[in-house]
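Reviewing the structure listed below.
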Amino acid sequence: MGSAQSAASNPRFTTASRAFTKQELEELKSLFVSLAAQSQSDSKYISPSIFQAFFGISGPLASRLFELVSQKRNDGMVTYEDLVISKAVYEKGTRDEIEEFIYGLCDVNGDGFLERCDLEAVLDSISDAIFTPKNTQAALSSSKAVMKAFLSATEFSQEVEGKAENCMSLVDFRNWCNVIPSARKYLGSLLKPPDTVRPGFQIPHLLHPENLSPESLTLQKEHAWHILGALSQTGAQQWKLVYHSAINGLSFSTFMGSISSVEGPTILVMKDTEGHIYGGYASQPWERHSDFYGDMKSFLFQLYPQASIFRPTGQNNNLQWCAVNFSSDSIPNGIGFGGRANHFGFFLSANFDQGHSFTCTTFNSPCLSKTNQIRPDVIECWAVVTKGINDDKTELVRGTVLERFKEDRNMLKLVGLANSSE
């Protein structure tokens, strides 16, 4: 069944083989031989259990992937030709071909329609594969609630005769992939060898003080996975908590002092008094400006009760805002993203007791909360740690006199007073 003769007589296999280099085909053949041997199939096929164990997936999503790779024969066998044909489409095809394959993959019940229950099963499979099993029922429920936020970003616009609820069209699915890029990366990496970096499989390592339990953080690892999906980096990252309002207080000056020495990107996360969680990824350091600044790597996000990513549209360059100690009403003091002055996509005033969120063309984002006017409950700021620049200490306030002097000096620069005596 896996012989050279049968392969040569399969025109789909012949066409698919052209998508790979000679070395890639040799590596695929070597992989197949190894997995077929473990399947005890006399080198003819890969069994479902060995297939799922090697690629590290389980549940309905794994069964559906095996079904598609085996060309829907339902004989419990993946041959070498099957593997080459599937990977040629799934990894080497055009963007449309790949997305159509993934769209079909998410139809886990295989009835030809992508329903809400299908997507729920997909998200459950992702949760089980990526996140450490929860130790308590409460923690498990919390994780499931977080994952449901990813489902809330979906649209089901396709009316199907005989179906009580609308289904997800291919256009709906593509839109969902745009706002939940972590899921798209994961679903597009399932057939990559597990010993390689597989996009969508990583979670940032969250560094925080020992006196803060992971459960007490607003940013949960499911949220971090969601945000990481919008970044270009594929490897694991470390995110260090540099400000938490429960420890540092709701103070703008303390916030600016805490982040003043951070030279790389930061992630601002806020939970408001309505229970909504959202924020922004700032690709540039927070520095005092009288106008917008930043670059196209910044974006806004929602985490709960709906999860979405909103990237820059290119309509304008109103990306980051950081105004400190200005006296003009046209330059509101505070930090923000997108929109325009006094009408931001997301803004926190310098008093840190209020802010606002409006629809904005900068990120094509809606109001991020329940209402335009927002009041913070918890604010966190995470620094994206670049290896070799920051150490692994998770203290929120540096201890030595020299370190405090450097931090104070940076703060003075932010408010424009560092050179006043020079």
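The values are calculated or read from the model by the stated rules, or taken from the named source; none is laboratory data. Please read all numbers here as calculations on a predicted model, not as lab measurements. Cβ: placed from backbone, ideal geometry, glycine included. Neighbour counts: every protein chain shown. Areas reflect the complete protein model, heavy atoms only, side chains present, ligands, DNA and RNA absent. Shrake-Rupley method; radii C 1.70, N 1.55, O 1.52, S 1.80 Å.
Restricting to helices (runs of 4 or more DSSP H) lying wholly in the stretch 193-259: which have 2 or more residues that are buried (at least 21 other Cβ atoms within 10 Å of the Cβ)?
221-228, 252-259
Residue by residue through the stretch 46-87, note down the ones that are open to solvent by 30 Å² or more (accessible area, probe 1.4 Å), part of a helix (DSSP H, G or I) and touching a residue at least 40 places away in the same chain (Cβ under 8 Å).
Scanning the stretch 46-87 gives F54, G59, P60, S63, E67.
Which residues, taken from the stretch 214-225, are of a type outside the set (K, R), within 14 Å of K240 (Cα to Cα) and out of contact with any Lys or Arg (no Cβ under 7 Å at 6 or more places or on another chain)?
P214, L217, L219, Q220, A224 - these are the residues of the stretch 214-225 that are of a type outside the set (K, R), within 14 Å of K240 (Cα to Cα) and out of contact with any Lys or Arg (no Cβ under 7 Å at 6 or more places or on another chain).
Mind listing whichever residues of the stretch 325-357 are open to solvent by 40 Å² or more (accessible area, probe 1.4 Å) and within 18 Å of H276 (Cβ to Cβ)?
Selection gives D353, Q354.
Out of the stretch 260-286, which residues are assigned to a strand (DSSP E or B), of a type outside the set (K, R) and out of contact with any Lys or Arg (no Cβ under 7 Å at 6 or more places or on another chain)?
Hits for the stretch 260-286 are T266, I267, L268, V269, M270, Y278, G279, G280, Y281, A282.
Of R95, R12, which residue is open to solvent by 50 Å² or more (accessible area, probe 1.4 Å) and farther than 30 Å from S152 by Cα?
R12
Answer yes or no: is there a residue in the stretch 375-395 that is modelled with pLDDT of 50 or more, over 23 Å from the mean Cα position of the chain (by Cα), surrounded by 15 or more Cβ atoms within 10 Å (Cβ to Cβ) and within 26 Å of Q302 (Cβ to Cβ).
In the first step, residues of the stretch 375-395 are kept if they are modelled with pLDDT of 50 or more; the result is 375-387.
Next, only the ones that are over 23 Å from the mean Cα position of the chain (by Cα) stay: 375-377.
This time we only want the ones that are surrounded by 15 or more Cβ atoms within 10 Å (Cβ to Cβ), so: 376-377.
Subset that is within 26 Å of Q302 (Cβ to Cβ): 376-377.
Within the stretch 375-395, one or more residues are modelled with pLDDT of 50 or more, over 23 Å from the mean Cα position of the chain (by Cα), surrounded by 15 or more Cβ atoms within 10 Å (Cβ to Cβ) and within 26 Å of Q302 (Cβ to Cβ).
Could you tell me whether the stretch 117-126 includes any residue that is part of a loop (DSSP other than H, G, I, E, B), open to solvent by 40 Å² or more (accessible area, probe 1.4 Å), out of contact with any His (no Cβ under 9 Å at 6 or more places or on another chain) and over 30 Å from T21 (Cα atoms)?
Keep residues of the stretch 117-126 that are part of a loop (DSSP other than H, G, I, E, B), which gives none.
No, the stretch 117-126 has no match at all.
Taking into account only those residues within the stretch 287-313 that are in a loop (DSSP other than H, G, I, E, B) and open to solvent by less than 10 Å² (accessible area, probe 1.4 Å), which is nearest to I259 (Cα to Cα)? Spell out the reasoning first.
Of the stretch 287-313, the ones in a loop (DSSP other than H, G, I, E, B) are 287-292, 294-298, 305-307, 311-313.
Subset that is open to solvent by less than 10 Å² (accessible area, probe 1.4 Å): 298, 307.
Working: S298: 17, A307: 26 Å.
Looking at the filtered set, the residue picked out is S298.
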